Amino acid sequence: MGNQYDRKAIIDHNKENFNFFASFCLPDVVTYRFPAFYENLSLLLIQELMRLGGEKVVMRLALSLPRGHAKTTFIKLFVVYGIIHDLFTFVIIICANEDRARDFLSDVHDILLSHNIKAVYDNWELQLKENNKDTKRGDFLGRRIILQAVGAGTSFRGIVKDNKRPDLILFDDAQSEKNAESLIESSRLLKWVTGTAIKTKSPKRCLVIWIGNMYDPPENCILYHLANSPQWTSLVTGGILAGGEALWPELHPAGALLEEYLNDVSL
C-alpha cells in the first residue's frame, strides 16, 4: 500500500511540477532547476494544448533561447511529458538533416526507456511495433504513440500512420546557418516548412514549435519571419534580460555572460 501511495505521489508531482519531472527523467543530466522562464513556457504550452480544439486547432510557437541554455534538452523533456500526459500521440521531429533528427529521436526514445519511467509508468521498449532510426511506434499507457524523424526539405512519405496525423510538429534548428546565407535556399526551405511539413498536421489539434537562431540578413532568417507573423506566438530572448538579470542565474550568471561577451568583442 505504501509503495502504491508513493507511486501515485510521484505521478502527481510529475504532472504538476515540470522541474520535478525533468529531474525524475534525467537525474544525472538535470542538475540545475529550470528557471522561471522555462517553467512558465511549459505551463503556457500545456494550457494551450488543453484549449486547442473547435475553431482553433493549431498553436504555432517560434522560440529562440541563447546557446548553452539547454533549450533542446528542455524540449526533449517536454515531448516526453506530453506523451506521458496524453497531450500528443504523433510527434514529427524535423532538424536541418536526417542525422540530427535521428539523434533527437534517439534521445527522446532513451528518456522513455529510463529506469524511472519504466518503474513508475510502463516499459515502452516491450511494446514497440516499429523500431528503427527514423520511426518509433508502439503502445504506451494505453495509447498508440508514433515518433518520426525527418530531415528538413526531404520528402514526406507515409506520414499518415495508424490513421493518425501529427499533433506535434517540432522544428529544432531546422534552418542551418549555411542555408540562411542564401535567399534562394532559405526561401525554398520556408516554402517546404509552410507548404509541406506543417500541412501534415492533425485536423483535430496540433502544436507547431520552431526552435532556432536569428541569422543575418533578416530576410533570409526563417525565425525572423515567424517571430514577426501575427499567426505565431514568439518568444525570443537573450541570456541577459532587459532588467539586467540573467535568464538562468544558477547556470549562467550575468557577470560571467557579460565577461564572455566583452572577450568575444575584443577578439
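The values are calculated or read from the model by the stated rules, or taken from the named source; none is laboratory data. Keep in mind that this is a model prediction, so the values were computed, not measured. Neighbour counts are summed over all protein chains in view; Cβ atoms, including those assigned to glycine, are modelled from backbone coordinates with ideal geometry. The accessibility values were calculated without ligands, DNA or RNA, using every heavy atom of the protein model including side chains. Shrake-Rupley method; radii C 1.70, N 1.55, O 1.52, S 1.80 Å.
Scan segment 8-38 for residues that are touching a helix residue (DSSP H, G or I) at 6+ places or on another chain (Cβ under 6 Å), open to solvent by less than 90 Å² (accessible area, probe 1.4 Å) and of a type outside the set (S, T, N, Q) and the total you get is 10.
Do we have any residue at all in segment 194-202 that's outside any helix (DSSP H, G or I), among the hydroxyl-bearing types (Ser, Thr, Tyr) and touching a Pro at 6+ places or on another chain (Cβ under 9 Å)? Yes: one or more hits. For segment 168-184, which residues satisfy the criterion of being touching a residue at least 12 places away in the same chain (Cβ under 8 Å) and either part of a strand (DSSP E or B) or more than 19 Å from Arg102 (Cα to Cα) (or both)? Selection gives Leu168, Ile169, Leu170, Phe171, Asp172, Glu177, Asn179, Ala180, Glu181, Ser182, Leu183. Could you grab me the full set of residues in segment 219-239 that are outside any loop (DSSP other than H, G, I, E, B) and in contact with a His (Cβ under 9 Å, 6 or more places away or on another chain)? Hit for segment 219-239 is Glu219, nothing else. Among the residues of segment 159-178, those identified as surrounded by fewer than 23 Cβ atoms within 10 Å (Cβ to Cβ), under 28 Å from Lys56 (Cβ atoms) and out of contact with any strand residue (DSSP E or B) (no Cβ under 8 Å at 6 or more places or on another chain) are Val160, Asn163.
Working only within segment 4-29, note down all residues that are part of a loop (DSSP other than H, G, I, E, B) and over 24 Å from Leu168 (Cα atoms). Even if it seems obvious, please write down each step before you answer.
Taking segment 4-29 as the starting set, the residues that turn out to be part of a loop (DSSP other than H, G, I, E, B) are 17, 26-29.
Once the filter is applied, which keeps residues that are part of a loop (DSSP other than H, G, I, E, B) and over 24 Å from Leu168 (Cα atoms), segment 4-29 yields Pro27, Asp28, Val29.
From the list Asn97, Asn116, the lone residue that is under 16 Å from His85 (Cβ atoms) and open to solvent by 30 Å² or more (accessible area, probe 1.4 Å) is Asn116.
Name the pairs: first residue in segment 14-43 and under 14 Å from Ile84 (Cα atoms), second residue open to solvent by 70 Å² or more (accessible area, probe 1.4 Å) and assigned to a helix (DSSP H, G or I), Cβ to Cβ under 7 Å, at least 6 apart or on different chains? Qualifying pairs under 7 Å: Asn14/Phe20. Looking across Gly54, Gly68, Gly82, one residue alone is over 14 Å from the mean Cα position of the chain (by Cα) and closer than 16 Å to Leu207 by Cα. It is Gly54.
Residue-by-condition table, conditions (1) more than 28 Å from Gly239 (Cα to Cα); (2) open to solvent by less than 40 Å² (accessible area, probe 1.4 Å); (3) not acidic (Asp, Glu):
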{"site": "Ile184", "(1), (2), (3)": "yes, no, yes"}
{"site": "Ser187", "(1), (2), (3)": "yes, no, yes"}
{"site": "Leu190", "(1), (2), (3)": "no, no, yes"}
{"site": "Gly195", "(1), (2), (3)": "yes, no, yes"}
{"site": "Cys206", "(1), (2), (3)": "yes, yes, yes"}
{"site": "Asn213", "(1), (2), (3)": "no, yes, yes"}
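From the list Arg33, Arg60, Arg102, the one residue that fits, being assigned to a loop (DSSP other than H, G, I, E, B) and not small (Gly, Ala, Ser), is Arg33.
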